[in-house]
């Protein structure tokens with residue numbers, strides 16, 4: 001059997017069997033290929049270690065700026081940087097926990113994320129005062145993804161999937 005490739009505006013979407021029409025292989029989009037080249041299936045703690053190091057350095061800068069005679073702008077930068085990177089580090093810890101749990105039970109992590117979203121929707125519906133915190137939690141998970149992609153991008157060169 002020679003599969004037929006289905007394209008959309010010149011981009012390959014999938015290959016199908018010419019006899020039965022079932023999908024033989026799906027080709028990811030450019031955005032998906034970009035993220036797949038950055039992440040492996042095995043979770044690692046390298047991003048968490050780097051985020052914790054950045055957070056500790058910003059905390060140290062904040063204390064030095066408050067105790068010393070440094071500018072108020074340095075203290076303010078260190079305080080906001082500490083708050084942001086502490087939240088991103090905690091989001092990375094949650095992300096790694098979910099991914100590790102899924103890997104430990106040999107499950108796909110998207111089921112765990114779906115359950116987490118369902119629980120968050122229930123909390124936001126039952127306790128409207130917590131809806132802002134639920135939204136902030138998911139915003140930090142998304143921000144963690146961008147920061148982690150930046151950290152991994154600097155470490156690992158991009159490779160082509162079509163070679």
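Just a yes or no: is a residue in the range 69-88 within 30 Å of residue 25 (Cα to Cα), free of Cβ contacts under 8 Å to residues at least 24 places away in the same chain and either in the same structural domain as residue 44 (by TED's automatic domain parsing) or touching a strand residue (DSSP E or B) at 6+ places or on another chain (Cβ under 9 Å) (or both)? Within the range 69-88, not a single residue is within 30 Å of residue 25 (Cα to Cα), free of Cβ contacts under 8 Å to residues at least 24 places away in the same chain and either in the same structural domain as residue 44 (by TED's automatic domain parsing) or touching a strand residue (DSSP E or B) at 6+ places or on another chain (Cβ under 9 Å) (or both). The set of residues from the range 52-68 being free of Cβ contacts under 8 Å to residues at least 12 places away in the same chain and under 27 Å from the mean Cα position of the chain (by Cα) comprises 53, 56, 57, 60. Would you be able to say whether some residue in the range 1-20 is in contact with a helix residue (DSSP H, G or I) (Cβ under 7 Å, 6 or more places away or on another chain) and either at pLDDT 90 or above or within 27 Å of residue 97 (Cβ to Cβ) (or both)? Checking the range 1-20: not a single residue is in contact with a helix residue (DSSP H, G or I) (Cβ under 7 Å, 6 or more places away or on another chain) and either at pLDDT 90 or above or within 27 Å of residue 97 (Cβ to Cβ) (or both). Going through (1) surrounded by 13 or more Cβ atoms within 10 Å (Cβ to Cβ); (2) modelled with pLDDT of 95 or more; (3) under 18 Å from the mean Cα position of the chain (by Cα) one by one, residue 130 falls short only on (3). Scanning the range 86-103 for residues that are within 18 Å of residue 114 (Cβ to Cβ) and more than 12 Å from the chain's Cα centre (by Cα) gives 97, 100, 101, 102, 103.
The values are calculated or read from the model by the stated rules, or taken from the named source; none is laboratory data. Please read all numbers here as calculations on a predicted model, not as lab measurements. No Cβ is skipped: glycine too gets one built from the backbone with ideal geometry, and neighbour counts run over all protein chains shown.
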